[in-house]
Amino acid sequence: MSKVLIIGAGGVGGVVTHKCAQHPEVFSEICLASRHQAKCRAIAAQLDRPIHTAEVDADDVEALVVLIESFQPDVLIHVALPYQDLTIMEACLRTGVPYLDTANYEHPDEAKFEYKEQWAFQERYARAGNMATLGCGFDPGMTNIYCAWGQKNLFDEIHRIDILDANGGDHGYPFATNFNPEINIREITANGRYWEEGEWKETAPLAEKRTFDFDGIGEKDLYLLYHEELESLSQNIKGLKRIRFWMTFSEQYLTHLKVLENVGMTRIEPIEFEGREIAPLQFLKAVLPDPASLGPRTKGKTNIGVILDGLKDGKRRKVHIYNICDHEKCYEEVKSQAISYTTGVPAVTGAILMLEGLWKGEGVFNVEQLDPDPFMARIGDMGLPWQMVELDPDADPLA
Ligand code: NDP
């Protein structure tokens, strides 16, 4: 029986809390802490078992240490914002509590996200005999684990990986983002980038477009983006020659984004407005629908997965491994749409494997460095069943 401390009571934090509450055989006590305790209480009120709630500023290491020492969790799941990765990792290190997150560190003042600062904790975690699991959402997370499972069970060498993230959901608003708008828009408006033959290749934002016929949601336009799992997978998958990430966007979404960009609303540098400094993107976030409010309105499905292309016993092989998730079913189960659901469920599954010692290690690990088998065996029952389709190794499915 274990105690879990969840930091961040947003869309993903809600799912993580519901899912932990569904497993009393693992999580005997749950504490949900966030910047605003009212958010934690609102989530607690949806559950049919009592949990603790707390208020904490996760930018403040000392405050985190006080909270951790008073609750004494066996694992901490960080689903606040990527800006808090380093402070929460530091607090876990000081208190000896295993750490898990779903997004790599972002610098609050620049549109820059990378693993460098988190990987820099490696030696200190190893020396302390503690474990940090990085990027255990869906992408990164599930997608990395699909790759690791393919590497272990299907291929001798994986040469090319395409990660395909499709959202066929409709929330009925002309424009809204499915998760934190600030993070989402920063990710999309940055240059595209992929990795080939040991080098990063840059493309203009949303310049590369393909189409793919997705099981469960049909044909969709996909755009090449840089996404954080490319950084770790390009290092951890042996024999890899190329890895790219693709995401679907509707024409309507892209038109709105272009207008917002053209008028300067997606800028992160502060401007002066009526004697106050404001960052246009943060102001935009304040006027857009709260992602948590999209849950009851969103219909349709997501299909997220990976195409792996490589060699097995000297022969080419290509497979598509993916999950289809239904927005409405997620809402029925945990009061949240599929984007938060697909992020929160892998986080809880990873935390369970850490508690059970099936994911074990001393140091800082990206999820593809851990054993994918117990995760793939468990994740279907946790709510994200996966499927695999063999593809023609000689055909390009991304026409
Ligand atoms: P939300 O914006 O809905 O929630 C974030 C929560 O973090 C808010 O509730 C906020 O608290 C809390 N928070 C922010 N700053 C602090 C702070 N200083 N101290 C304490 N709490 C704080 O985001 P999401 O739930 O959509 O996303 C959560 C995380 O999941 C993000 O890191 C995101 O990047 C990641 N993610 C990962 C995905 C993946 O597949 N790997 C996909 C989607 C998201 P409050 O409300 O109390 O003010």
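By definition, a body whose alpha carbon gyration tensor gives a ≥ b ≥ c is rounded when a/c is under 1.5, and the chain falls into this rounded group. Taking a span of 18 Å or more along the helix axis (Cα atoms) and a mean Kyte-Doolittle hydropathy of at least 0.0 as the rule, the DSSP H helices of the chain that qualify are 338-356. Charged neighbours of PRO181, selected by a Cβ distance under 13 Å, balance to -1 (K, R count +1; D, E count -1). A helix-only calculation puts the chain at -10000 deg cm²/dmol for mean residue ellipticity at 222 nm, using -39500 (n - 2.57) for each DSSP H run of at least four residues, averaged over all residues. Which of rounded, prolate, oblate describes segment 13-64, given a ≥ b ≥ c as roots of the alpha-carbon gyration tensor eigenvalues and a/c under 1.5 marking rounded, otherwise prolate only if a/b is larger than b/c? Here segment 13-64 falls in the prolate category. Taken along the Cα-to-beta-carbon direction at a fixed 7 Å, the label points for LEU254 and GLU208 span 1.5 nm. What is the local net charge at VAL97, summed over the other residues whose Cβ is closer than 12 Å to its Cβ (Lys, Arg +1; Asp, Glu -1)? Net local charge, VAL97 excluded: -1. With 0.36 nm allotted per residue and the present C-alpha distance subtracted, the HIS52-LYS360 stretch has 108.1 nm of extension available. For the residues GLU328, GLU117, GLU199, a GNM of the chain with alpha-carbon springs under 10 Å puts the largest fluctuation on GLU199.
For the residue pairs LYS19/LYS301; LYS116/LYS329; LYS209/LYS241; LYS39/LYS285, the C-alpha atoms sit more than 29 angstrom apart in LYS116/LYS329. Considering only ASP74, ASP60, ASP290, the mean-square fluctuation computed in a Gaussian network model of the chain, springs between alpha carbons under 10 angstrom, is largest for ASP60.
In order along segment 305-317, the phi-based Karplus estimate (6.51 cos²θ - 1.76 cosθ + 1.60, θ = phi - 60°) of 3J(HN,Hα) comes to x, 9, 9, 10, 10, x, 10, 9, 6, x, 10, 5, 9 Hz; Gly and Pro are listed as x. Normalised by the number of residues in the chain, the mean separation of alpha-carbon contacts (under 8 Å, six or more apart) gives a relative contact order of 20 percent. Ordering PHE375, PHE155 by the number of other Cβ atoms within 10 Å of each residue's own Cβ, fewest first, gives PHE155, PHE375.
Compactness check for segment 2-134: Cα Rg over 2.2 N^0.38 Å is 1.01. With a Förster radius of 25 Å applied to the C-beta separation of LYS241 and ASP221, the computed FRET efficiency comes to 0.45. Residues considered: ALA58, ALA103, ALA286. Largest GNM mean-square fluctuation over the chain, using C-alpha springs under 10 Å, is found at ALA286. Reported to the nearest whole Å, the Cα centre-to-centre distance from segment 183-259 to segment 376-399 is 18. Taking a straight line from the alpha carbon of LYS112, these aspartates and glutamates sit under 17 Å away, with near neighbours fewer than eight places off in the same chain left out: ASP85, GLU182, GLU187, GLU202, GLU228, GLU229, GLU231, GLU269. Let me know the shape class of segment 292-399, please: from the alpha-carbon gyration tensor, a ≥ b ≥ c as square roots of the eigenvalues, rounded when a/c is under 1.5, otherwise prolate if a/b is greater than b/c, or oblate. Since a/c reaches 1.5 but b/c is at least a/b, the shape of segment 292-399 is classed as oblate. Electrostatic bookkeeping for ARG127 treats Lys and Arg as +1 and Asp and Glu as -1; over the other residues with beta carbon under 15 Å from its beta carbon, the sum is -1.
Bear in mind these aren't lab numbers, they're just calculated from the coordinates by the rules spelled out. The shown structure was predicted, so the numbers you read here are calculated from the model rather than taken from an experiment. Quick reminder, even Gly has a Cβ in these numbers, built from the backbone with ideal geometry, and neighbours come from all protein chains shown.
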